[in-house]
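Reading through the structure tokens given below for one structure.
The values are calculated or read from the model by the stated rules, or taken from the named source; none is laboratory data. Note that this is a predicted model, so its numbers are computed, not measured. As a convention, Cβ positions derive from the backbone with ideal geometry for all residues, glycine included, and neighbour counts pool all protein chains shown. What goes into the accessible areas is simple: the full protein's heavy atoms, side chains included, and nothing from ligands, DNA or RNA. Shrake-Rupley method; radii C 1.70, N 1.55, O 1.52, S 1.80 Å.
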Amino acid sequence: MSPVLAGVLQLIALVAALALAYRPLGDYMAAAYTSPQHLRIEKVIYRCIGAHADAQMRWPAYLRAVLAFSAAGVLLLYLLQRVQGGMPLSLGFASISPDQAFNTAASFVANTNWQSYSGEQVMGHVVQTAGLAVQNFVSAATGMAVAIALVRGFALHRGLGSARAEGTPVRTGELGNFWADLVRGTVRVLVPLAVIGAVVLVACGAIQNFSGIHEVGQFMGGSQQSNGGAVASQEVIKELGTNGGGYFNGNSAHPFENPDAFTNLFEVFLILVIPFAFTRTFGRLVGNVKQGYAVLAAMGIIWLGFTALMMWTEFAHGGPALEAAGAAMEGKETRFGVGGSSIFSGATTLTSTGAVDSFHSSFTAFGGGIQLLGMMLGEIAPGGVGSGLYGMLVMAIIAVFIAGLMVGRTPEYLGKKIGTREIKLAACYLLITPTLVLGFTAASMVLPDALGSMLNTKALGAGSHGFSEVLYAFTSGANNNGSAFGGLNANTPWYNTTIGLAMLLGRFLPMVFVLALAGSLAEQKPVPETAGTLRTEKPLFAGLLVGTILIITGLTYFPALALGPLAEGLS
């Protein structure tokens with residue numbers, strides 16, 4: 001079988017698996033977030049944290065809960081790393097330095113999982129399991145909760161989308177309860193799926209233990225040190241929660257994390273299944289599943305298009321060395337090949353997943369540009385768990401606004417008028433990430449210490465590839481992706497601090513505007529449909545949405561892309 005055919009068949013199998021899971025998982029999540037009953041374990045958790053799960057929150061209270069919970073997570077994870085040297089199961093590793101501890105704490109709480117360290121050489125079992133793995137669950141559940149709050153903003157006054165205790169009155173502007181949404185997302189969605197996924201990975205060869213450091217012999221002589229860990233359980237939630245990161249420095253290219261071609265495709269499925277299925281949840285909560293299908297269509301068109309382009313750029317190799325290898329195989333695992341690596345890379349950069357099964361810097365110049373552009377879209381195709389949906393809904397608001405300008409009519413979406421306040425909030429949401437990415441990249445390009453971190457600069461003529469390394473780092477951090485281009489020494493005070501700030505601001509400032517937007521929508525009364533209402537469940541709107549996303553991103557980032565991957569590819 002040719003490598004191209006193998007890659008195409010993997011993509012078809014992946015689409016089929018996602019299609020089979022779409023409806024049952026989407027319906028299940030809708031039921032989980034709207035159930036009026038609390039599970040026994042949930043009641044225990046509410047008592048432990050002192051939360052009143054049936055109390056309804058307006059958007060400022062919901063936002064305060066999100067920020068308070070996340071700030072506590074950053075502090076606790078920071079302290080856990082700083083005292084690692086004195087804890088059991090530390091494997092003899094020292095405590096983490098202040099700047100790297102801050103960067104890692106910000107990274108995992110922000111659902112970014114950017115790593116400026118080698119996990120098996122720095123982090124002990126306690127930090128990995130009680131710190132990093134826990135944040136993999138709750139950071140993902142936080143994003144899901146914010147998305148549900150925005151959906152409730154659209155659904156309010158339609159009698160849909162909010163779980164309430166029996167007899168609790170409905171008041172204008174309420175978005176639900178963050179603590180209930182957080183716990184339900186974790187207990188009812190992420191934990192059960194993670195348990196099933198971890199069993200599959202263990203059965204396929206991923207390790208799951210608390211062993212110490214072993215001396216392992218090598219085929220060519222000599223030996224190297226290797227430690228075990230609770231890898232399968234952390235691997236599954238890093239993919240399922242679109243977190244990223246890795247127990248080992250090799251990330252998902254390491255055989256302990258990703259043993260073979262089947263697990264590689266299974267991990268891609270885990271990355272995509274919740275973000276895609278969330279569109280079904282959205283349709284169910286707003287009372288019109290066709291609206292969910294329209295958003296799904298826009299996500300699917302972009303994802304399939306980018307994945308096909310990625311595979312084409314990597315298979316369309318040129319030159320005798322690449323032709324002898326059969327493809328652009330530098331930096332790729334022979335277990336997965338070009339097809340599997342391209343599918344994995346496209347999935348992780350179009351979602352907020354920092355996992356990699358290949359060396360992104362070794363992709364062709366245009367392949368690296370596709371990776372960058374996937375993150376620059378805002379990671380909305382299908383995006384992270386929760387963050388992908390609310391990012392796409394913000395873009396839908398921009399799209400209906402543009403449509404309204406073209407026909408001279410006040411824009412509406414899902415029965416809510418999109419007025420001045422809503423457009424300002426949506427615009428602020430869109431401007432945050434480009435400001436962080438381009439601002440920090442520009443600063444890094446004029447500071448000698450920051451320029452010195454470009455390890456590939458001299459070898460490649462100090463040109464576009466070095467710029468792409470820095471641009472990728474801040475694009476990954478500000479978009480809460482977490483993958484690395486490679487070739488950049490990011491473990492310096494400058495990059496640890498600035499990328500840490502980019503991750504925190506890129507995660508939580510957009511949430512401020514999303515929840516404010518949800519509150520504004522929730523206060524409106526529904527507008528009845530008329531003959532002039534834009535039918536947002538139709539293919540025409542899906543096409544308009546895709547065009548809006550590509551045009552806005554292109555206008556924002558094209559100059560930076562022209563200096564980086566485009567210049568390298570054309571040179």
### Summary
Within region 176-215, residues open to solvent by 60 Å² or more (accessible area, probe 1.4 Å) and at pLDDT below 80 come out as Ile213, His214, Glu215
## Note on the structure
Here the residues within region 523-547 that are open to solvent by less than 90 Å² (accessible area, probe 1.4 Å) and touching a Phe, Trp or Tyr at 6+ places or on another chain (Cβ under 9 Å) are Leu534, Thr536, Glu537, Ala542
### Query
Is it the case that region 345-354 has a residue that's of a type in the set (A, V, I, L, M, F, W, C), surrounded by fewer than 22 Cβ atoms within 10 Å (Cβ to Cβ) and not in a loop (DSSP other than H, G, I, E, B)?
no
### Query
Taking the stated definitions as given, is Gly384 open to solvent by 10 Å² or more (accessible area, probe 1.4 Å), in a loop (DSSP other than H, G, I, E, B) and closer than 19 Å to Gly300 by Cα?
no
### Message
Residues that are closer than 30 Å to Ile148 by Cα, in contact with a helix residue (DSSP H, G or I) (Cβ under 7 Å, 6 or more places away or on another chain) and among the aliphatic types (A, V, I, L, M): list the helices (runs of 4 or more DSSP H) wholly contained in region 444-563 that include at least 1 such residues.
### Response
464-478, 493-522, 539-563
### Summary
Of Thr475, Thr410, the only residue that is hydroxyl-bearing (Ser, Thr, Tyr) and open to solvent by 10 Å² or more (accessible area, probe 1.4 Å) is Thr410
### Message
Is it the case, given these coordinates, that Ala105 is at pLDDT 95 or above, under 28 Å from the mean Cα position of the chain (by Cα) and either on the phi > 0 side of the Ramachandran plot or not in a loop (DSSP other than H, G, I, E, B) (or both)?
### Response
no
### Task
Could you tell me which residue of region 114-127 is nearest to Asn479 (Cα to Cα), considering only residues that are small (Gly, Ala, Ser) and either without any contact (Cβ under 8 Å) to a residue 60 or more places away in the chain or open to solvent by 10 Å² or more (accessible area, probe 1.4 Å) (or both)?
Ser116
#### Entry: Candidates Ala55, Ala32 - the one that is more than 28 Å from the chain's Cα centre (by Cα) and in contact (Cβ under 8 Å) with a residue 60 or more places away in the chain
Ala55
### Task
Scan region 405-428 and give yes if some residue there is closer than 30 Å to Ser345 by Cβ and not basic (Lys, Arg), otherwise no.
yes
### Summary
Inside region 67-88, the number of residues satisfying the requirement of being in contact with a helix residue (DSSP H, G or I) (Cβ under 6 Å, 6 or more places away or on another chain) and not in a loop (DSSP other than H, G, I, E, B) is 9
### Message
Criterion first (within 19 Å of the chain's Cα centre (by Cα), of a type in the set (A, V, I, L, M, F, W, C) and more than 21 Å from Pro559 (Cα to Cα)) does Phe508 satisfy it?
### Response
yes
### Filter result (under 15 Å from Val187 (Cα atoms) and open to solvent by 60 Å² or more (accessible area, probe 1.4 Å)) within region 50-83
none
### Task
Check region 160-175 and report whether any residue there is farther than 30 Å from Leu488 by Cβ, at pLDDT 85 or above, charged (D, E, K, R) and within 20 Å of the chain's Cα centre (by Cα).
no
### Summary
Leu91 fails exactly one of (1) hydrophobic (A, V, I, L, M, F, W, C); (2) in contact (Cβ under 8 Å) with a residue 40 or more places away in the chain; (3) in a helix (DSSP H, G or I), namely (3)
### Query
Being in contact (Cβ under 8 Å) with a residue 40 or more places away in the chain, within 21 Å of Thr492 (Cα to Cα) and either in contact with a His (Cβ under 6 Å, 6 or more places away or on another chain) or open to solvent by 10 Å² or more (accessible area, probe 1.4 Å) (or both), is that true of even one residue in region 128-147?
no
### Positions within region 87-113 being under 26 Å from Thr475 (Cα atoms), touching a Gly at 6+ places or on another chain (Cβ under 9 Å) and open to solvent by 10 Å² or more (accessible area, probe 1.4 Å), in sequence order
Asp99, Phe102
### Task
Please state which of the following conditions Glu379 fails to meet, knowing it meets all the rest: (1) surrounded by 20 or more Cβ atoms within 10 Å (Cβ to Cβ); (2) in a helix (DSSP H, G or I).
(2)
